[in-house]
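**Student:** My questions will all concern the structure given below.
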Amino acid sequence: MAASIIFDQSRLKAYDGLMRLCEFAGKPEEWQQTLWNALLTDKELYDAFVYYLERHALPDMPKCGAYSLTDCYVWQLERDNLRRDTGKNTASCDKEDMVLRSFMMMADMRKCPDDYMKKLSDWQGMDQTM
């Protein structure tokens, strides 16, 4: 009798979603693997990424201190606006790239929160929950 193998394809779908987003955003494979490893080592962040893939919206969790993925996204958006010197969210901004950078930022922030807390607390545009 052959043993039944139960295979959860959710990780394959998440990895495929990450590959597609990274390809669309022009991220190199090394960057993609770094984010994938970060997602695999942080269940809350992984679950948030799956949530994003399924709903194309950022969830409220995970957080680092009072900062959420949405705070990371808005921070990335404002940095993009400064780089382009537009001051507004234009149609030409790469929102998928900013989402990916937001996940990477949250992964880094959860590893080394002190490196980000000062940077974000000095930021004028934060949507921080007290």
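The values are calculated or read from the model by the stated rules, or taken from the named source; none is laboratory data. Keep in mind the model is a prediction, meaning the values are calculated, not measured. Virtual Cβ from ideal backbone geometry, glycine too; neighbours counted across all protein chains shown. For the accessible areas, the whole protein counts, side chains as well, though only heavy atoms, and no ligand, DNA or RNA atoms are used. Shrake-Rupley method; radii C 1.70, N 1.55, O 1.52, S 1.80 Å.
**Student:** Could you list, in sequence order, all residues of the range 33-45 that are more than 17 Å from residue 101 (Cβ to Cβ) and either hydrophobic (A, V, I, L, M, F, W, C) or open to solvent by less than 30 Å² (accessible area, probe 1.4 Å) (or both)?
**Tutor:** Once the filter is applied, which keeps residues that are more than 17 Å from residue 101 (Cβ to Cβ) and either hydrophobic (A, V, I, L, M, F, W, C) or open to solvent by less than 30 Å² (accessible area, probe 1.4 Å) (or both), the range 33-45 yields only 40.
**Student:** In addition: Mind listing just one residue for me: the one in the range 46-77 that is outside any helix (DSSP H, G or I) and in contact with a helix residue (DSSP H, G or I) (Cβ under 7 Å, 6 or more places away or on another chain) and, of those, most open to solvent (accessible area, probe 1.4 Å)? Walk me through how you get there before you give the answer.
**Tutor:** At the first step, the residues of the range 46-77 found to be outside any helix (DSSP H, G or I) are 56-68.
Filter once more, so that each one left must be in contact with a helix residue (DSSP H, G or I) (Cβ under 7 Å, 6 or more places away or on another chain): 58-59, 61-62, 64-65, 67.
On the way: 58: 41, 59: 15, 61: 111, 62: 0, 64: 13, 65: 66, 67: 8 Å².
Across the range 46-77, the extreme among qualifying residues is 61.
**Student:** List, please: which pairs have Cβ atoms under 8 Å, are six or more places apart or on different chains, and start with a residue in the range 3-27 that is more than 15 Å from residue 47 (Cβ to Cβ) and end with one that is at pLDDT 90 or above and open to solvent by 100 Å² or more (accessible area, probe 1.4 Å)?
**Tutor:** Qualifying pairs under 8 Å: 22/29.
**Student:** Can we say residue 104 is modelled with pLDDT of 80 or more, in contact with a Leu (Cβ under 6 Å, 6 or more places away or on another chain) and part of a helix (DSSP H, G or I)?
**Tutor:** Yes, satisfied.
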